[in-house]
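Just below is one structure, and these are the notes that go with it.
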């Protein structure tokens, strides 16, 4: 009888305890992924900020007003374009647009493009895949730059997105993330 | 049923396997989880620090975006805006950027400092070179063809040694001319002496004749008296006897008494006569020794006079020989080593033909596609250049020969007329005759002269007339003709014209732009900023040489202008020429030393880069516009310097012009170390880069003089071989080398005046402004560029118009001027012509050290930027020493943790150092 009463106790205990620990471990893993996602987006946002703020210098000095700045600058502009690629050849790293004079949509689009450039080298599918791997809700479409703006010749990047837990057994709410960075434009 | 009570033990809580797994997990998994969590935390920490580093980088780049706009736009230099609160701005930006990780990172403290300011020459150099690596090549690509051509021409400065030697042979011709005239002068003096001796000859002879003949006469008188006195005495005795007879008559009649009386009278008369004759005899005898002495003296004097005449005739003959010899040596000097004139002409024609063929060969090679690097093409090019030099030298020699020949021809013609009646042999005969005459005179022994000696007669002792020489009037006439020829001929007209042009030019306000006359207030910078960043970077460079040149040049000019006789003119010409030639040679040597350094200076292209930067970013005097009254320049950095960029100097100096080049140098040196009231220059900044004085005037004058010297040295072959100059110099006959030398001095002066006033010039131009065809363009350029009125320009041109009219029969200035206005006044820069700025660029390359260039640049940046911000009424005083190009950041941060037990642990605090710059 005794034996019968204890039979399955270990199994039952294991089911409860191990499961709890496993859940804990998975939650830990989820946190890890969240941290990683935040790190990756922070790094990319910072690089985007720096890149775009410097981009303005090229746009202002060499590209846009070519021929009116002076022949020397014109030559240099052409040289730089040939060296680093033009906006047409590599839109994720170079832009000729005066996006900083545009509206929030234009700013957001430019930011997103550059963000993708620094995230995946300009491959949108890859970027989407990476973001989804990091549990960013809707991947690339889930990135929201619409609150970004330019004020006092400074670019303020405001990146909003949602993260979901890797192991969301209780259907917990998404984690809303907002990351901010700023960089003065090289005008 | 009795149940057995179980004994309580330490493990009594253990109920078999119950809780084993929980226990197992609790014991094992907790540390495991802790370690796992720690690893996660460490990862978070490392990631956070890494992201913070990035945030620091982005923040620094963001702060660096606050660069000084003026420094960037005007100078192409990056430095932080001095109006920025660096610490506060940095902290604000960093706080935003570091918050990208949420609350993970807490910035505790940040220290931000600027470093590597632009006053540091290494930093300035690095930025200038960085800027120029992309910009300078494009600028140089468009300009370097001309510049390399110029450097090539400068390299040729050393190959004009033969020209100096040829010109020096002109001094030999002048020397012969001087000897010719000197001999004429001496011959004239000799003739004058001979003419004076003609009178002395007569009087000397008369004295001699009188003395000797008087002696002889006296001796004869003694004889006569010695014979007469005894006779009278006998007669007296007779009369006394007769008287006694009469007195013895006792009865004397009246007749007797009358007879006695008459006899007594006769006796008395006789006695008186005898006494008188005896006295005369005594006196005459006494006078004989004196008369002999006198005769001997006259004989000696006369003999000496005859010797003088003979010697003077010989002296005349010597001077005459020298004249003839000088005329002959001029001929050989003119040929200067060539066997004959025909040989010289043939040599020149041959060389010209060979040169033409060499040019054709080169043209053919070019058509075949040979490049300049090809060895055979290069050899052909060298051969052509060598031939060109030879032809230039031969043309100079031939020109000098022809000119000298003409001059000597004229001299020789006059000489022929003068020497028409002159015969050396005849003169020799006269000399001989006088020597013989003298011997004859001396042969007369005065002590042995007796009453019977032969009297001195003209036929014997004055048989030879003074003749055989050329009358002094004739020689004087010849000299006056030569003087007239020198003074009123082409030589004088040309020299007068050139000297007048020089004098008038020196009196004009064309050597510096008087609207650019700022003098820096160095005391302001000393008191407020601890001095200019580059210090006082003024460097005399070749100023010492220039001083000597100016001094010698003035001496040479005055040596000519102060002369009035033909001989003095020639001597003046010779002095001027010799001194001038020495100066030119010394200048050439100095410039050669500079030029020989060209390629070592250009090693690595760095010098080329920063010199390009200076030359094309700094305004110079030619950027000043009279119309707008301001400097206008679009710099290499694309910045437009205009009305507001630089101060307009209101205190123009009152320097209307300079009397001499020495005056110019004196003004230069007196302005050199001045302290004024200006913050920056008005527009002559490129000139400051070349000299470094706080006075804009001194800087402009220095550049003028250096450019003049370079042009002087490099234009010698082109001026000496210029067809028009040669033609003009030929009309100056023996003054050919002098005219050439004056052109060598003055033409570059004129060119430099035009160049510094904005007229582009080839380093070695084909045309000569001070020539008949070049004069209209000179007058036009003076009027258009040099702020002269039309009347002033014409007045300067007129200095040469008269000279050309004298030299050329068909010279028509008005016609040439019309032709120039119709055809020759086309504007635009011709191939290989360089602007004033481009010449300054070459000077920078060759004469200013890197250290000085950078020091002066930092001073200019400081001064101009300070002025700009003063105009902008900025809240700060611009100081280049605070223009930082780098940021140094030290940030203390804490990384917040997930694990509560580790909160505030020191291992989660870290200090990050960060450096970022332009």
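The values are calculated or read from the model by the stated rules, or taken from the named source; none is laboratory data. This one's a predicted model, so the numbers in the text were calculated from it and none came from an experiment. Using ideal geometry, Cβ is built from the backbone for each residue, glycine included, and neighbour counts are taken over all protein chains shown.
Would you check if residue B:293 is in a helix (DSSP H, G or I), free of Cβ contacts under 8 Å to residues at least 12 places away in the same chain and within 60 Å of the chain's Cα centre (by Cα)? Spell out the reasoning first.
Numbers: in a helix (DSSP H, G or I): yes; free of Cβ contacts under 8 Å to residues at least 12 places away in the same chain: yes; within 60 Å of the chain's Cα centre (by Cα): no.
No: the conditions fail for residue B:293.
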Complete set of residues in the range B:90-116 that are away from chain A (no Cβ under 14 Å) and either in contact with a helix residue (DSSP H, G or I) (Cβ under 7 Å, 6 or more places away or on another chain) or within 20 Å of residue B:861 (Cα to Cα) (or both): B:107, B:110, B:112, B:114, B:115, B:116
For residue B:49, are the conditions met, namely being surrounded by fewer than 22 Cβ atoms within 10 Å (Cβ to Cβ), more than 60 Å from the chain's Cα centre (by Cα), facing chain A (nearest Cβ under 9 Å) and in contact (Cβ under 8 Å) with a residue 40 or more places away in the chain? no
In the range B:24-45, which residues are out of contact with any strand residue (DSSP E or B) (no Cβ under 8 Å at 6 or more places or on another chain), surrounded by 13 or more Cβ atoms within 10 Å (Cβ to Cβ) and within 9 Å of another protein chain (Cβ to nearest Cβ)? B:24, B:25, B:29, B:33, B:36, B:37, B:40, B:43
Got at least one residue in the range B:197-213 being without any contact (Cβ under 8 Å) to a residue 60 or more places away in the chain and under 60 Å from the mean Cα position of the chain (by Cα)? yes
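Determine whether residue B:136 is under 43 Å from the mean Cα position of the chain (by Cα) and either buried (at least 21 other Cβ atoms within 10 Å of the Cβ) or part of a strand (DSSP E or B) (or both).
Numbers: under 43 Å from the mean Cα position of the chain (by Cα): yes; either buried (at least 21 other Cβ atoms within 10 Å of the Cβ) or part of a strand (DSSP E or B) (or both): yes.
Criteria met by residue B:136.
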How about the range B:112-132: which of its residues are assigned to a helix (DSSP H, G or I) and in contact with a strand residue (DSSP E or B) (Cβ under 6 Å, 6 or more places away or on another chain)? B:123
(1) surrounded by fewer than 18 Cβ atoms within 10 Å (Cβ to Cβ); (2) under 25 Å from residue B:201 (Cβ atoms); (3) under 60 Å from the mean Cα position of the chain (by Cα): which one isn't true of residue B:324, the others all being true? (2)
Scan the range B:2-10 and tell me whether some residue there is more than 11 Å from chain A (Cβ to nearest Cβ), at pLDDT below 75, surrounded by 10 or more Cβ atoms within 10 Å (Cβ to Cβ) and part of a loop (DSSP other than H, G, I, E, B). no
Those residues that are more than 21 Å from the chain's Cα centre (by Cα) and buried (at least 24 other Cβ atoms within 10 Å of the Cβ), I need them from the range B:681-723; list them, please. B:681, B:683, B:684, B:685, B:686, B:688, B:689, B:692, B:693, B:694, B:695, B:696
Within the range A:16-56, work out how many residues are closer than 21 Å to residue A:101 by Cα and more than 8 Å from chain B (Cβ to nearest Cβ). 5
Within the range A:71-83, does at least one residue satisfy the condition of being more than 11 Å from chain B (Cβ to nearest Cβ) and modelled with pLDDT under 80? yes
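May I ask you to say which residue of B:821, B:871 is surrounded by fewer than 19 Cβ atoms within 10 Å (Cβ to Cβ) and out of contact with any helix residue (DSSP H, G or I) (no Cβ under 9 Å at 6 or more places or on another chain)? Please lay out each step first, then the result.
Working: B:821 fails: out of contact with any helix residue (DSSP H, G or I) (no Cβ under 9 Å at 6 or more places or on another chain).
That would be B:871, the only listed residue that is surrounded by fewer than 19 Cβ atoms within 10 Å (Cβ to Cβ) and out of contact with any helix residue (DSSP H, G or I) (no Cβ under 9 Å at 6 or more places or on another chain).
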Considering the range B:512-549 alone, what residues qualify as being modelled with pLDDT of 90 or more and either part of a helix (DSSP H, G or I) or farther than 17 Å from residue B:689 by Cα (or both)? B:521, B:522, B:523, B:524, B:525, B:526, B:527, B:528, B:529, B:530, B:531
Going by the structure shown, is residue B:653 modelled with pLDDT of 80 or more, away from chain A (no Cβ under 14 Å) and outside any helix (DSSP H, G or I)? no
Are any residues in the range B:418-462 without any contact (Cβ under 8 Å) to a residue 40 or more places away in the chain, within 60 Å of the chain's Cα centre (by Cα) and either surrounded by 13 or more Cβ atoms within 10 Å (Cβ to Cβ) or under 11 Å from residue B:306 (Cα atoms) (or both), and if so, which ones? B:429, B:432, B:433
Take residue B:87 and decide whether it is part of a helix (DSSP H, G or I), within 10 Å of chain A (Cβ to nearest Cβ), modelled with pLDDT of 85 or more and more than 30 Å from residue A:31 (Cβ to Cβ). no
Test: residue B:185 is part of a helix (DSSP H, G or I) and modelled with pLDDT of 90 or more: no
List the number of the failed condition for residue B:109; all other conditions in (1) surrounded by fewer than 21 Cβ atoms within 10 Å (Cβ to Cβ); (2) part of a helix (DSSP H, G or I) hold. (2)
